[in-house]
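S.K.: One structure is given below, represented as structure tokens, and several questions about it will come after.
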Amino acid sequence: MNESLSIAHLEFEAGQFARAVQFAQYALAQDPDDVAALTLLGMASLCDCEFGEGIDALERAALIRPLSRAIQIELAIAYGSIGRRNLSEELLMSVATSGKVNSSELLRIAAGLEAIDSPRLAMEACRQAGILNPDQPEVHYQMGYYAQQCGHPTEICESLIRHAIDLDPRNVHFRIGLASMLIRLQRKDDAIKVLAAVIPDRLDEVDCQCCLKRIANLFFDCDDVQRARLCASRLKKLSKQSTTAQHSNVA
């Protein structure tokens with residue numbers, strides 16, 4: 001591996017996707033057919049939301065050597081992101097039915113299918129993941145989410161998500177997902193009970209500003225002022241960080 005590609009890998013692992021792209025391009029200037037450099041360029045570009053460049057790089061890499069299943073899945077999801085839904089679904093289903101996919105890959109496929117408005121296929125991919133790994137909490141959580149998208153009865157959706165929480169009781173994201181569903185059902189007291197076990201202890205793990213607004217309003221409506229203020233404080237911190245990052249990018 002040449003030095004530029006080594007640096008590109010380090011930048012990618014550090015989440016510095018624009019710099020990873022830059023160093024991958026340096027590596028490709030030395031060897032335009034370097035599959036590792038093309039793949040890294042593609043993945044870093046996708047992570048940086050540069051879908052056109054990412055797709056082009058991965059397609060070039062695929063012409064030289066077959067892509068791994070994980071990379072094929074990311075390429076398929078990228079197709080969906082630019083509106084090529086039929087191609088996205090075709091590639092996702094090709095990987096899903098290859099007989100070689102693992103449960104984590106099936107969950108990623110499910111997310112890709114849901115993103116192109118195919119929740120029933122997403123639910124089936126999730127079900128297959130559950131066959132491979134029935135004790136994986138994420139499987140049951142996603143099944144509950146996709147079941148909602150498919151219009152299944154509320155009690156089934158709730159049961160699936162509660163089972164995910166039983167398997168991973170400290171997962172704040174599962175609990176926020178269930179609480180959001182309960183809020184829509186006007187079951188605010190039940191939503192409070194679901195969240196009380198992890199808020200504020202795991203509040204620092206919540207990065208979704210919409211989620212924070214939702215649960216802050218829930219606590220405020222239920223006269224839990226202390227938790228409402230903590231959620232508002234976390235929201236303010238994230239908003240400030242987002243503004244600072246935007247200013248840095250402009251600079």
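S.K.: For CYS211, only one of the following conditions fails: (1) modelled with pLDDT of 95 or more; (2) closer than 21 Å to THR154 by Cβ. What is its number?
M.R.: Condition (1) is where CYS211 drops out.
S.K.: The conditions are (1) open to solvent by 30 Å² or more (accessible area, probe 1.4 Å); (2) on the phi < 0 side of the Ramachandran plot; (3) within 23 Å of the chain's Cα centre (by Cα), and GLY151 fails exactly one of them. Which is it?
M.R.: So the condition that GLY151 fails would be (2).
S.K.: Now, a different point. What number of residues in segment 10-52 are under 21 Å from the mean Cα position of the chain (by Cα), crowded, with 16+ Cβ neighbours inside 10 Å and of a type outside the set (A, V, I, L, M)?
M.R.: Residues in segment 10-52 being under 21 Å from the mean Cα position of the chain (by Cα), crowded, with 16+ Cβ neighbours inside 10 Å and of a type outside the set (A, V, I, L, M): 11 in total.
S.K.: Next question. Consider only pairs whose beta carbons are under 9 Å apart and that are at least six residues apart or on different chains; among these, list those whose first residue lies in segment 16-34 and is touching a residue at least 60 places away in the same chain (Cβ under 8 Å) and whose second residue is assigned to a loop (DSSP other than H, G, I, E, B).
M.R.: none
S.K.: Whether any residue in segment 187-199 is over 26 Å from ASP168 (Cα atoms) and surrounded by fewer than 16 Cβ atoms within 10 Å (Cβ to Cβ) is what I want to check.
M.R.: Looking only at segment 187-199, we keep the residues that are over 26 Å from ASP168 (Cα atoms), and these are none.
No, that holds for no residue.
Yes/no per residue for (1) touching a Ser or Thr at 6+ places or on another chain (Cβ under 8 Å); (2) basic (Lys, Arg); (3) within 28 Å of ALA115 (Cβ to Cβ); (4) outside any helix (DSSP H, G or I):
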{"site": "ILE165", "(1), (2), (3), (4)": "no, no, yes, no"}
{"site": "ARG175", "(1), (2), (3), (4)": "no, yes, yes, no"}
{"site": "ILE183", "(1), (2), (3), (4)": "no, no, yes, no"}
{"site": "VAL194", "(1), (2), (3), (4)": "no, no, yes, no"}
{"site": "ILE199", "(1), (2), (3), (4)": "no, no, no, yes"}
{"site": "ALA216", "(1), (2), (3), (4)": "no, no, yes, no"}
{"site": "SER233", "(1), (2), (3), (4)": "no, no, no, no"}
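S.K.: If you check every pair at least six apart or on different chains, which have Cβ atoms under 7 Å apart with a residue in segment 185-205 that is basic (Lys, Arg) first and a residue that is outside any loop (DSSP other than H, G, I, E, B) second?
M.R.: That search, which allows pairs on different chains as well, returns LYS188/LEU218; LYS188/ASP221; ARG202/VAL172.
S.K.: Would you check if LEU195 is modelled with pLDDT of 95 or more and over 29 Å from SER81 (Cβ atoms)?
M.R.: yes
S.K.: Kindly provide the set of residues from segment 26-36 that are assigned to a helix (DSSP H, G or I) and under 17 Å from ALA62 (Cα atoms), ordered by number.
M.R.: Passing the criteria: LEU28, VAL35, ALA36.
Residues are listed down the side, and each one gets a yes or a no for (1) farther than 20 Å from ALA57 by Cα; (2) modelled with pLDDT under 95; (3) of a type in the set (A, V, I, L, M, F, W, C):
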| position | (1), (2), (3) |
| --- | --- |
| GLY83 | no, no, no |
| ASN86 | yes, no, no |
| MET93 | yes, no, yes |
| GLY99 | yes, yes, no |
| GLU105 | yes, no, no |
| ALA111 | yes, no, yes |
| GLU114 | yes, no, no |
| SER118 | yes, no, no |
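S.K.: Okay, moving on. Only one of (1) open to solvent by 60 Å² or more (accessible area, probe 1.4 Å); (2) among the aliphatic types (A, V, I, L, M); (3) within 16 Å of the chain's Cα centre (by Cα) is not met by ILE82, so which one is it?
M.R.: (3)
Here is a yes/no grid of residues against (1) under 15 Å from the mean Cα position of the chain (by Cα); (2) of a type in the set (Lys, Arg); (3) surrounded by fewer than 23 Cβ atoms within 10 Å (Cβ to Cβ):
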site: SER88; (1), (2), (3): no, no, no
site: SER94; (1), (2), (3): no, no, yes
site: GLY99; (1), (2), (3): no, no, yes
site: ASN133; (1), (2), (3): no, no, yes
site: TYR141; (1), (2), (3): yes, no, no
site: ALA164; (1), (2), (3): no, no, no
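S.K.: Conditions first: (1) hydrophobic (A, V, I, L, M, F, W, C); (2) more than 24 Å from SER103 (Cα to Cα); (3) in contact (Cβ under 8 Å) with a residue 24 or more places away in the chain. LEU46 passes all but one, so which condition is the exception?
M.R.: (2)
The values are calculated or read from the model by the stated rules, or taken from the named source; none is laboratory data. Just so you know, these numbers come straight off a predicted model, no measurement behind them. As a convention, Cβ positions derive from the backbone with ideal geometry for all residues, glycine included, and neighbour counts pool all protein chains shown. Remember, those area values only see protein heavy atoms, side chains included, never the ligands or the DNA or RNA. Shrake-Rupley method; radii C 1.70, N 1.55, O 1.52, S 1.80 Å.
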